[in-house]
Structures are given as C-alpha cells and as structure tokens.
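Down below is the structure, laid out as structure tokens.
The values are calculated or read from the model by the stated rules, or taken from the named source; none is laboratory data. Treat the numbers as computed from the prediction; the structure is a model and nothing was measured. Every residue, glycine among them, receives a Cβ derived from its backbone with ideal geometry; neighbour counts consider all protein chains shown.
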Amino acid sequence: MNKKRVLSGVQPTGNLHLGNYLGAIRNWVEIQSEYDNYFCVVDLHAITVPHNPATLAQDTLKIAALYLACGINLNNSTIFVQSHVKAHTELTWLLNCITPLNWLTDMIQFKEKAVKQGENVGVGLLDYPVLMAADILLYDADKVPVGEDQKQHLELTRDIAVRINHLFGKKDQKILKLPEPMIRKEGARVMSLTDGRSKMSKSDPAEGSRINILDNADTIAQKIKRCKTDPIKGLTFDDPDRPECNNLLTLYTLLSGKTKEAVAVECLDMGWGQFKPLLTETTIEALKPIQQKYHEIMDERSYLTGVLGSGAEKAAATADKTLERVKGAMGYLPPAIL
Ligand code: AQP
C-alpha cells in the first residue's frame, strides 16, 4: 500500500529556535517512517519581508543541514529548496487568479506582520498564504505537520483547493487533494522567554526571547537565567495566570522526554532557583547531538548540495505532474511536442 504523503517547510530567515524545532521539525522526525515525506526550505517565503541577499544562500544551506542534523532520514524523506522547483511559482500565479482578495486580508499573520512593516509592506507578504497553498497542493500532501500559528493558512489552502475543484473539476474527478493539518498539542505553541503570552519567534527583536538550536551552552545558560518568571513558589502547568511557568515546564517536559505527569510531580515543590539550572542542563544536553551533527554536515558541503540536487529533481517530477493537471483543467494549450 502506498504511504500517505507529508509536506512541510521552514523559512531560511534567521536562526531556528526551539519553537521551530518542537513545533515542527521534531514532529517530522517522529512521524517520518510512516509517511512519504517532502521537506522543503521555503526560500521564496523568506523574501516576503525585507531580506539580506548576502546571507540568503548560506541560510538556506543551514536550514537543510539542520533538517538532517535533527534526524530527517533520506530513506523516507526528500529534502529540497523551494526555489529550485519552478512549479511553486507557476502554480501560485494560477491560484492567485482564483483567490478572493478578502481571504488574504483576513489572515492573522498578514495583519500582524503588516503592522510591523508599516508603509513598506509588500504584495508578497499578502500573497504568502497562496504560495504556501501551492507548496502543499503540488505534492498532493495528505498531512501538513506545523505549529499552531499555521492553522489558518492550512484552512485557506483547503478553501483554495475546494475552489479549484469546484470551478474546473468534473463531478467525480478532483483536481487537487485537500490536505489536513497535523498539529500536536505539545509544543504546538512555544512561547517567548521574555513574555509567556506571545509566541517564540525569529523576528522578535529581543534575542533573549528565544533559544536557538545552535546557541552554545553559555548563551543557553544566560538566556534561561534571565528569562521571565513569577514570584510564586511551586511550579505548576496550565495556570492561566502563570503563562511563563507553563511554558518553561513544557520546554522541560519536551526536551527531557519525560511525561507531563512526571514533571508535574517532580517540580511541584521547586522554586525557580532549583528549576532553572535543571532546564539549562536539559536544554544543553538535548541540543548537543544536533549541534555536533550540524557542524559535521556543514563541513561536507558537496554532500549537502548533492542531497539538495537530487531532492529538487525528485520534487520537480512530482510537482510538475500536478501543475500540468491544473493547467489542463484550466484549459491551457499544452506546449507542442517536437
Ligand atoms: N513558537 C512556535 N511554537 C511552535 N511552532 C512554531 N513554529 C514557528 N514558531 C513556533 C513553526 O515552525 C515552522 C516553521 O515556521 P517558519 O519558518 O514559517 O517560521 P516562522 O513562522 O516565520 O517562524 P517564526 O519564528 O514565527 O518567524 P516570524 O518571527 O517571522 O513569525 C512552522 O511549522 C511553524 O508553525
């Protein structure tokens, strides 16, 4: 029986943090053997906010190396760079033309990021979810493992697929497959270290708000030492008045591999002076093997570019078929076969 297909990706913008790892990549690794997986570095998304051309290529390689370092296995998974597969931009155009404008202006992430960009907000930021829909629909993905922040974009992807099927499909013949989000409860929303009510994010100007996967031991220790806590003794999950406490306990649970119940008992009578060194040690130990592997892979540049070259070839073969199917349904004249 054919395995169901998974697609997901991360933008090469800045450093990957624990939110990206626990909300997305770690879950990819855990489920990968059950699925046929496509994991892309979504570099076209990276320019929807101002970017640095001098670092984009290197950042793209870094994310691909981190996928491998975190445990993505090439026996189950294809790793590729989004801009290497031309069908992504072409399908985006076709989808743009059937997507109502108000579907995009309603997107929460657009509204939040547009405020930060002020008058310089570009059309690309508004169109980001349509590009994301193309990324997913090109691969006939069944499941899309993401963090909670992407749920609305997944719903939009489904709406766009329904619209294409409705406008151009035949009764029993769907053109595009409707994907489902795969959002794990634990780690779906890792919060900032400086404000337990906002999500940990690459674009937060406060470096101390996040722990990056590649942070060294001293940096991790400093960030945890300075992170926001509260004056209450005894640490508990799920208290709405203690968002920082819930977030730090959740990080400890996920990084230690212990159950929530075991952590609740272990930390019930602890103060922050006892808990912070424990979280620091656990974080450093959890990230150490990933960091070691990452540096080995980055030192073997030709191996990495080889992985991305064959990944792009395999991805393009799949994506081109979907693109042709959509163009055929929309009535395009196929190119002449010479
Ligand atoms: N804080 C988070 N908790 C859980 N999951 C998260 N993700 C991002 N932040 C968290 C998930 O990581 C994946 C990659 O997302 P991306 O590359 O699109 O990154 P992003 O959303 O741009 O990451 P940031 O840090 O949130 O960046 P900015 O600051 O630009 O908004 C996705 O699956 C996402 O859900």
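Taking into account only those residues within the stretch 1-28 that are charged (D, E, K, R) and in contact (Cβ under 8 Å) with a residue 40 or more places away in the chain, which is farthest from the ligand (Cβ to nearest atom)?
Lys4
Scan the stretch 285-325 for residues that are touching a strand residue (DSSP E or B) at 6+ places or on another chain (Cβ under 8 Å) and acidic (Asp, Glu) and report the count.
0
Residue by residue, here is whether (1) in contact with a strand residue (DSSP E or B) (Cβ under 6 Å, 6 or more places away or on another chain); (2) at pLDDT 95 or above holds:
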residue	(1), (2)
Gly118	no, no
Gly122	no, no
Met132	no, yes
Ile136	yes, yes
Tyr139	yes, yes
Lys143	yes, yes
Glu148	no, no
Gln152	no, yes
Thr157	no, yes
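Could you check Ile224 against (1) within 16 Å of the ligand (Cβ to nearest atom); (2) crowded, with 18+ Cβ neighbours inside 10 Å and say which number it fails?
With respect to (1) within 16 Å of the ligand (Cβ to nearest atom); (2) crowded, with 18+ Cβ neighbours inside 10 Å, Ile224 is out only on (1).
How many residues are in a helix (DSSP H, G or I) and over 12 Å from Val42 (Cβ atoms) if we restrict to the stretch 130-152?
So the first thing to find is which residues in the stretch 130-152 are in a helix (DSSP H, G or I), and the list is 130-137, 148-152.
So of that shortlist, the ones also over 12 Å from Val42 (Cβ atoms) come out as 130, 133, 137, 148-149, 151-152.
Looking only at that region, the number is 7.
Any residue that is over 30 Å from Val29 (Cβ atoms), acidic (Asp, Glu), out of contact with any Leu (no Cβ under 9 Å at 6 or more places or on another chain) and more than 16 Å from the ligand (Cβ to nearest atom) - is there at least one of those in the stretch 89-96?
The answer is no; no qualifying residue exists.
Need pairs with beta-carbon distance below 9 Å; first residue within 19 Å of Ala24 (Cα to Cα) and within the stretch 192-207, second away from the ligand (no atom under 11 Å from the Cβ) and hydroxyl-bearing (Ser, Thr, Tyr); sequence gap 6+ or separate chains.
Cβ pairs passing all conditions: Asp204/Thr194.
When you check Lys233 against the structure, is it more than 15 Å from the ligand (Cβ to nearest atom) and surrounded by fewer than 21 Cβ atoms within 10 Å (Cβ to Cβ), yes or no?
So Lys233 fits the description; yes.
Condition (residue is hydrophobic (A, V, I, L, M, F, W, C), touching a strand residue (DSSP E or B) at 6+ places or on another chain (Cβ under 8 Å) and under 24 Å from Pro145 (Cα atoms)) applied to the stretch 46-54: is it met by at least one residue?
No, the stretch 46-54 has no match at all.
Could you tell me whether any residue of the stretch 255-263 is polar (S, T, N, Q), surrounded by 15 or more Cβ atoms within 10 Å (Cβ to Cβ), in contact with a helix residue (DSSP H, G or I) (Cβ under 8 Å, 6 or more places away or on another chain) and more than 30 Å from Gly169 (Cα to Cα)? Lay out the reasoning, then the answer.
So in the stretch 255-263, the residues polar (S, T, N, Q) come out as 256, 259.
Then drop every residue that is not surrounded by 15 or more Cβ atoms within 10 Å (Cβ to Cβ), which leaves 256.
Checking which are in contact with a helix residue (DSSP H, G or I) (Cβ under 8 Å, 6 or more places away or on another chain) leaves us with 256.
Still in the running and more than 30 Å from Gly169 (Cα to Cα): 256.
Yes.
Mind listing whichever residues of the stretch 15-50 are more than 15 Å from Cys70 (Cα to Cα) and out of contact with any Ser or Thr (no Cβ under 7 Å at 6 or more places or on another chain)?
Within the stretch 15-50, Glu34, Tyr35, Asp36, Val42, His45, Ile47, Thr48, Val49, Pro50 meet the criteria.
Using the structure shown, decide if Lys202 is more than 24 Å from the chain's Cα centre (by Cα), part of a loop (DSSP other than H, G, I, E, B) and either over 30 Å from Leu323 (Cβ atoms) or of a type outside the set (A, V, I, L, M) (or both). Quick ask: steps written out before the conclusion?
On the way: more than 24 Å from the chain's Cα centre (by Cα): no; part of a loop (DSSP other than H, G, I, E, B): yes; either over 30 Å from Leu323 (Cβ atoms) or of a type outside the set (A, V, I, L, M) (or both): yes.
Considered against the rule, which asks whether it is more than 24 Å from the chain's Cα centre (by Cα), part of a loop (DSSP other than H, G, I, E, B) and either over 30 Å from Leu323 (Cβ atoms) or of a type outside the set (A, V, I, L, M) (or both), Lys202 comes out as no.
For the stretch 105-133: of the residues being over 21 Å from Ser8 (Cβ atoms) and touching a residue at least 24 places away in the same chain (Cβ under 8 Å), which is nearest to the ligand (Cβ to nearest atom)?
The qualifying residue nearest to the ligand (Cβ to nearest atom) is Lys116.
Being of a type in the set (Gly, Ala, Ser) and within 14 Å of the chain's Cα centre (by Cα) is the filter; apply it to the stretch 24-80 and report the residue that is surrounded by the fewest Cβ atoms within 10 Å (Cβ to Cβ).
Here the answer is Ala46.
With respect to Thr78, determine if the residue is within 30 Å of Thr219 (Cα to Cα) and among the polar types (S, T, N, Q). Can you show your working first?
Working: within 30 Å of Thr219 (Cα to Cα): no; among the polar types (S, T, N, Q): yes.
The answer is no for Thr78.
Pairs under 6 Å by beta carbon, first residue more than 24 Å from Ala69 (Cα to Cα) and outside any loop (DSSP other than H, G, I, E, B) in the stretch 211-237, partner of a type in the set (Gly, Ala, Ser) and at pLDDT 95 or above, six or more apart or different chains?
Note: pairs meeting the criteria are Arg226/Gly208.
Restricting to the stretch 140-168, name every residue that is more than 16 Å from the ligand (Cβ to nearest atom) and either of a type outside the set (Gly, Ala, Ser) or farther than 18 Å from Ala329 by Cβ (or both).
Asp140, Asp142, Arg158, Asp159, Ile160, Val162, Arg163, Ile164, Asn165, His166, Leu167, Phe168
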